[in-house]
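Notes for the one structure printed next.
Read-outs throughout are calculated quantities, based only on the coordinates presented, and are distinct from any laboratory measurement. Small disclaimer: the values here were computed from a predicted structure and weren't measured. Cβ placement follows ideal geometry from the backbone for every residue including glycine, while neighbour counts extend to all protein chains displayed.
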Amino acid sequence: MRSARSARGDAMAKLTEEEKAQRALNRRRKAALETERDENRREERQREWVANGMYPTRAEINAGAGCRGCGLPVADRLGSWPPLLKLDAEQREQYDLAEADFKRRHPDCRSHRWTLQGSRAQHCGYCCPPPPLSEEQVAAIREIFSSSKPDPSELDTWLLTLTCDHVVEAIQHRSNTSWYRSVTHCPACQQVRGIISSVELPPDGARLVAEKRNLQESLTRARVEEERLRKRAGKARQRVNLLEEQLADLDTSGGRPARQGVSTE
């Protein structure tokens, strides 16, 4: 009797290239729709947090307030967990119990976890409103954005096909070899959509002009460096020639050659 896997393999072998491509597209669409649903679900929860005033303040956190999502302390002040490989037997038992409790309370949240430095309480990215950024963090982020001016030569334009079948343009740094997100905002639908496919476009005129300018500046610097090294090489060649002459005089005369000034540059 032939196995089910063998039968499926034969069926796949009979598919045309167009049918295989359509199946691959369907898989990408399904994955994009799932990601889209999760993102919209997360944004809806954030709107609930704002409407119900659930975000904690720094003062409340410092006073030991509990999380308005799960009830655990936002910061329990027990100290961060050591690295897993350095947990002793008692710590490992406590850690495993905390892991089991977290999974029991958040079985289907499909989100990240967050915790504060110096605390062991783990919070769910879907259930637990995160704390606000500190003033130092806000200042650091503001400084990064205020001093950062993107160079057109470092940006690529991508065409993104969304689950709504709209196609939008977006830009990202050229160091990325693929589009870095799985969802984006659709201006036509006015909501977040999953990304089915992404295609990088050839560089536009502004990008080419900026690249040419950068290459010209790099060429100028390289020529300056070449001239500096050429001069140093010339001086080194003169010193080699002089030393060779002194050595030849010593070999032919059998005596000590007269001292001459030799540059050491």
Subject >> Degrees, to the nearest 10: 135-147 long Cα axis against longest axis of the chain >> reply: 50 degrees
Original post:
How large is the dipole of the chain about the Cα centre if only Lys and Arg carry +1 and Asp and Glu carry -1, each at its Cβ, rounded to the nearest 20 debye?
Top reply: 400 debye
Subject >> Solvent-free Debye scattering, log10 I(q)/I(0), computed from the Cα coordinates of the range 19-140 at q = 0.15, 0.18, 0.22 Å⁻¹ >> reply: -0.83, -1.04, -1.30
Original post:
Of the residues Arg193, Arg92, Arg239, which exhibits the maximal mean-square fluctuation in a Gaussian network model of the chain defined by a 10 Å Cα contact cut-off?
Top reply: Arg239
Original post:
Any idea which of Thr157, Pro83, Gly69 is furthest toward the positive side of the dipole for the range 61-157, if Lys and Arg beta-carbons carry +1 and Asp and Glu beta-carbons -1?
Top reply: Gly69
Original post:
Against the longest alpha carbon principal axis of the chain, how many degrees, from 0 to 90 and to the nearest 10, is the axis of helix 4-13 turned?
Top reply: 60 degrees
Original post:
What spacing in nm lies between the two simple spin-label points modelled at Trp49 and Glu17, each 7 Å away from Cα in the Cβ direction?
Top reply: 4.9 nm
Subject >> Spacing of the two label points (7 Å from each Cα toward its C-beta) at Ser197 and Asn40, in nm >> reply: 2.3 nm
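Report the full-extension gain for the segment Glu143 to Arg104: residue separation times 0.36 nm, less the Cα-Cα distance, to one decimal in nm.
Values: separation 39, 0.36 × 39 = 14.04 nm, distance 4.12 nm.
9.9 nm is the gain from fully extending Glu143 to Arg104.
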**OP:** Pick out which of Gly53, Gly194, Gly234 has the largest mean-square fluctuation in a Gaussian network model of the chain, springs linking Cα atoms closer than 10 Å.
**Re:** Gly234
**OP:** Multiply the residue gap between Arg58 and Ser178 by 0.36 nm, knock off their C-alpha separation, and tell me the result in nm, one decimal place.
**Re:** 39.4 nm
Original post:
Suppose every K and R has +1 on its Cβ and every D and E has -1 on its Cβ; what is the size of the dipole of the range 150-203 about the Cα centre, in Debye to the nearest 20?
Top reply: 200 debye
Original post:
Can you put Leu72, Leu85, Leu133 in order, fewest other beta carbons within 10 Å first?
Top reply: Leu85, Leu133, Leu72
Original post:
Going out from 0 in 5 Å bins, what whole percent of all Cα-Cα distances in the chain drops into each bin?
Top reply: 1, 4, 6, 7, 8, 9, 9, 9, 8, 7, 6, 5, 4, 4, 3, 3, 3, 2, 1, 0, 0
Original post:
One-quarter of the Cα convex hull surface for the range 166-239, in nm²?
Top reply: 7.5 nm²
Subject >> Helix 17-51 vs. the chain, principal-axis angle (Cα, 0 to 90°, nearest 10) >> reply: 70 degrees
Subject >> His185-Leu25 FRET efficiency (beta carbon distance; Förster radius 25 Å; 0.05 resolution) >> reply: 0.65
